[in-house]
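Worksheet for the structure shown next.
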Amino acid sequence: MSEAAKPAPAKAAGRAGRNTELSEELKAYKGVWVFIEHDRGQVHTVSWELLGAGRALADKLGVTLHGVILGGPDEHLDTFAKEACVYGADHCYLMRDVVLKGYRNEPFTKGLTDLVNKYQPEIVLLGATTMGRDLAGSVATTLNTGLTADCTELNIDPATRALAATRPTFGGSLLCTIMTLAYRPQMATVRPRVMAMPRRDEARTGGVTEDTLGLIETDIVTKLLAFIPDANRNTVNLAYADVIVSGGKGLKHADNFKLVWDLARVLGAEVGGTRPVVQAGWVEAERQVGQTGKTVRPKLYIAAGISGAIQHRVGMEAADVIVAINTDANAPIFEFAHFGIVGNAMQVLPALTEAFRARLGKQIRKIA
Amino acid sequence: MHIVVCIKQVPDSAQIRVHPVTNTIMRQGVPAIVNPYDLFALEEALRLKDQFGGRVTMLCMGPPQAEDALRKCISFGATDAILVTDRAFAGADTLATSYALAAAIRKINEEQAVDLVFTGKQTIDGDTAQVGPGIAKRLNWNLLTYVSRIPKVDLDGRRIQVERRAEGGVQLLDTTLPSLITMLEGTNEMRFAGMDDMLRAARFPVRRWSKDDAGISDVNKIGLKGSPTVVSKVFGPTARSQHADMMSVADTNLQDVTLNLLDKIFTQHPMLEEEIVERLSA
Amino acid sequence: MSMKEKFDAIVVGAGPSGNAAAYTMAKAGLKVLQIERGEYPGSKNVQGAILYSDALEKIIPEFRDDAPLERHIIEQRIWVMDDESFVGTHYRSDNYNKPPYNRYTIIRAQFDKWFSSKVREAGALLICETTVEELLLDRDRVIGVRCDRLGGEVYADVVVLADGVNSTLARKAGFHGELQPGNVALAVKEILFLPEEVIQSRFNIGEDEGVVIELMGKVTEGMVGTGFLYTNKDSLTIGVGCMLSDFKANPQRTKPYELLEKLKKHPSIAPMIAGGEMKEYCAHLIPEGGFNAVPRLHGDGWLIVGDSGGFVNSVHREGSNLAMTSGRLAAETLIEMKAAGLPPEARHLKAYKDKLDGSFVMKDLKKYRNLPDVLHGNPQFFTAYPELVNRAASTFFTVDGVDKRTKEKEIMGSFRSARSLTGLVGDAFKLWRASR
């Protein structure tokens, strides 16, 4: 992970001709907002993760943290609002309307934009999900403000009180810190699992302010005809797995991936892969761990035949324990893994499988 | 039918390396390619053209060498190509880019009414997925993102139906034309250009528009000036303070290495062993 | 469907020889189509790489205006290496610092891209990612090519084969036989990243100045071959290559990249490249058969240029200049032929071969035509002599109380016992004969 952003000079060279001063009017924008994404009765956990990050930002700025919830009249928006406060929000803004049942770009963009224009937050955070990205781009353009996508870190620059958003650049080889100095609100999206889940505080409560959308169905051009749930209910739950065994191109052949599956089975783990092996068809795309795949935060991550390039690293370096197996003692992965084995994965994996089986097998209690 | 497809020429990021000492990008000899996500958008547009007849106009905002990317799209069968290129665009973030592209699309629309604009889901160098939504907003057109399939287009009735990928399923949306679609990757397979198309592309006079040609009047909305986001610094990932605890199979026997490893892991993280056993017992 | 198009010439390949041919013809107003199988020109090309100005000047006189050039060479070193030492000869001259510069190091990926842009500016059509699968023949006459795309048949008066060392087209059409392992070398190279200032201080050169080091001796483990180390702007190119037949026959079975690794670890080489970050690794075949391995170069409706014709002077490590020159000469032949209204028949295309014979290309190849065989049959040039020379130097330069006369005798004696007097004389004679 990067170090905290150093204070950026207010008018640096290279920004010639560009407005970097915040107008008095925009200085009045206060507060941190998190868009609470929900669908068919469930809040997406990324919203809670963002409340955790938002709480830290709000505390640094000395301002309030708000959840923003848009939905249909028969959806449990009040429950969601309560949950948001349990996860750290001070207060929630609500919009309830039949046209907000089920996500559509038009009504949600109007709803969020109206709320922003009315209550003027300085920071708005959304999850970088299909909904979040669809909405964020439209809202940012309507508000004519800056939006930074897929951030891996959010900080406050003490000199300017601006949001310093860090994200990968140049295909993930480097990181950059981006700020929106002269426009408000400062918007950012963050991918699921990048931020840690905050702790629940059941005692925490907050108020709710409700506003009206002011759109009727005939105003809205796009109709949601149906929602077709994915047939495969057994979806891969990589993002929330506690133990993951991953394989990379160092495994040489698709057949060798079997060894990854064997170890995963013994550990009750999920199986992951790097982008190259997904592209080669050795595992499904849902199992891709990395900058353009999933971010994971398991307790144990075992990487076999993976070099540790930055694009993969950003997807898994938050794991509590990282074990790497690679034939190259100089592979970048050993620079941030906790344990490293220099050896051939094709031999090490079965040996590890055996060792884990022997040690854990004795302890597993079988239900009578 | 008239479809505009927006593309970007990007460095092949798979080949970019970082200088070990100065942390700068080593772009030497890294080839520039058509943003791979854009090709899915192009193929979908070409399929609609095959079905309904009409034209596909390629649009790109970029430096002069981006002409090669447009040319490649012509070789796949696109009808026309316009490169909007101007020094004034340098340093544009997604807001400034969408402004410029929207202006250009309005100009193209004056030549011949545009029914659909296609873009790729995101770029491999920016990864933001913001330009498509930005263009739609500025044109005030319907935005349909993460489209995986287009089951129905009714040109006379000016309506379109799409399947849109959401969490856990697919939305079936119905809306009017014109619309802007960002296409999901993996939804189609790019066709092979025939020899005739390759020759046509090699000769094709790609149109070049300056900012004036593109109908851009407000220079404060393009390039660096029109970009609210500011890159304050670029850096490489910092090294973790501690290198991995290393074991080598070359020096020690494999079984000893694995037993040693498990001992170390579980001694340092006793809860971990319990949790794994707990889950396996369930 | 449009009528099948016909071009004055189709050039197969966008390497140095193909670009030279296509450029020259297009500039003269011929209708040229160039077909490259790689993603972009240069993607399939590998070279040391040294650019010889003379050859390029005759094609694009003002190339120095915008060609991507790394450093101009002011110093040439030849190192004869033993396991831990080398005996070297350096030539450095300030004359080389007087423009126009004679030789430059270049990075092929960028150079080819530039050269190709010139070709397109001149009016030739270029298509990439397209492989020519077969020559179209009308009885024995080449009338066009068939590519791996739908409708892939294109016609031309002449097809110029510039498709590299392993050209399958000429083979398929029966114009020449299989490539013999004894006629080709396999070379591997790496580009190592180092800051400009480090390179300049290590190699004792200033900004834009460059050094070329040719390495021979024990580094090729007795196989016929050489190594090289070149300075680019902010990187070094290091490589080694040996005859393919020697790699196959080597009892130690050393693989090419293993040879390179050993070279990099040599105590005289390692400090020169210390700290370098590997940026690129590639391998390529180099035609080394010389004069005797040059195939038939022309026929009805076709010409061969570049590596495909085996135009590599392995003694002087020259290949790209021969390639470009052959491309230019082929183009000039075709331009003259068209101007005179002559049909593209072998007897008229023979003018190409005549031009080659009259140029340094064939003259140099002819001069060294026996060298490949001599070197092959005499491994002592790569093992015994380097050792002897190094040991002689060691004896001569080490001050250890032994008197100089004894040292001289020791040196002479070592040579004679290693090779015997007749052997020494014989070796000298062979080398002289072969290089004459």
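Keeping to the range B:179-205, report how many residues are buried (at least 16 other Cβ atoms within 10 Å of the Cβ) and more than 30 Å from B:Arg158 (Cα to Cα). So that I can check it myself, show each step before the final result.
Restricting attention to the range B:179-205, the residues satisfying the condition of being buried (at least 16 other Cβ atoms within 10 Å of the Cβ) are B:179-185, B:187-188, B:193-202, B:204.
Among the residues that remain, those that are also more than 30 Å from B:Arg158 (Cα to Cα) are: B:193-202, B:204.
Total meeting the criteria: 11.
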Worksheet item: Does C:Leu342 satisfy the criteria of being closer than 22 Å to C:Ala323 by Cβ and of a type in the set (A, V, I, L, M, F, W, C)?
Response: no
Discussion item. So the check is Cβ under 7 Å with 6+ separation or different chains; which pairs have a first residue in the range C:380-399 that's in a loop (DSSP other than H, G, I, E, B) and a second one that's among the β-branched types (Val, Ile, Thr)?
Written reply: C:Phe382/C:Thr220; C:Phe382/C:Val224
Fill in: Close pairs from the range B:264-282: first closer than 20 Å to B:Met246 by Cβ, partner surrounded by 13 or more Cβ atoms within 10 Å (Cβ to Cβ) and of a type in the set (Asp, Glu), Cβ under 6 Å, at least 6 apart
B:Phe266/B:Glu273
Discussion item. Just to check your reading of the model, which residue among B:Thr123, B:Thr79, B:Thr128 is at pLDDT 95 or above and of a type in the set (Val, Ile, Thr)?
Written reply: B:Thr79
Worksheet item: Taking the range C:105-131 as the search range and keeping residues that are away from chain B (no Cβ under 11 Å) and touching a Lys or Arg at 6+ places or on another chain (Cβ under 7 Å), which one is farthest from C:Ala9 (Cα to Cα)?
Response: C:Thr105
Fill in: Residues (surrounded by 17 or more Cβ atoms within 10 Å (Cβ to Cβ) and outside any helix (DSSP H, G or I)) located in the range B:131-147
B:Trp141, B:Asn142, B:Leu143, B:Leu144, B:Thr145, B:Tyr146, B:Val147
Worksheet item: Among the residues of the range B:159-173, is any surrounded by fewer than 16 Cβ atoms within 10 Å (Cβ to Cβ) and either among the aliphatic types (A, V, I, L, M) or within 14 Å of chain C (Cβ to nearest Cβ) (or both)?
Response: no
Fill in: Checking C:Arg253 against (1) out of contact with any strand residue (DSSP E or B) (no Cβ under 9 Å at 6 or more places or on another chain); (2) within 30 Å of C:Val160 (Cα to Cα), the condition it does not meet
(2)
Worksheet item: Only one of (1) in contact with a strand residue (DSSP E or B) (Cβ under 8 Å, 6 or more places away or on another chain); (2) at negative phi is not met by C:Ile411, so which one is it?
Response: (1)
Discussion item. When you scan the range B:205-212, do you find a residue that is more than 7 Å from chain A (Cβ to nearest Cβ), closer than 19 Å to B:Pro63 by Cα, β-branched (Val, Ile, Thr) and touching a residue at least 12 places away in the same chain (Cβ under 8 Å), even just one?
Written reply: yes
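Is at least one residue of the range B:125-137 more than 10 Å from every other protein chain (Cβ to nearest Cβ) and hydrophobic (A, V, I, L, M, F, W, C)? Quick ask: steps written out before the conclusion?
From the range B:125-137, those more than 10 Å from every other protein chain (Cβ to nearest Cβ) are none; that's our starting set.
For the range B:125-137, residues more than 10 Å from every other protein chain (Cβ to nearest Cβ) and hydrophobic (A, V, I, L, M, F, W, C): absent.
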Practice prompt. Could you pull out every one of the strands (runs of 3 or more DSSP E) wholly within the range C:97-141 that has 3 or more residues that are surrounded by fewer than 17 Cβ atoms within 10 Å (Cβ to Cβ) and in the same structural domain as C:Gln34 (by TED's automatic domain parsing)?
Written response: C:132-138
Worksheet item: Within the range A:284-316, which residues are closer than 21 Å to B:Met271 by Cα, within 13 Å of another protein chain (Cβ to nearest Cβ) and either charged (D, E, K, R) or surrounded by fewer than 24 Cβ atoms within 10 Å (Cβ to Cβ) (or both)?
Response: A:Lys299, A:Leu300
Practice prompt. Confirm whether A:Ala345 is in contact (Cβ under 8 Å) with a residue 24 or more places away in the chain and either within 9 Å of chain B (Cβ to nearest Cβ) or hydrophobic (A, V, I, L, M, F, W, C) (or both).
Written response: yes
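The values are calculated or read from the model by the stated rules, or taken from the named source; none is laboratory data. Quick caveat: nothing in here was measured; it's all calculated off a predicted structure. Neighbour counts are summed over all protein chains in view; Cβ atoms, including those assigned to glycine, are modelled from backbone coordinates with ideal geometry.
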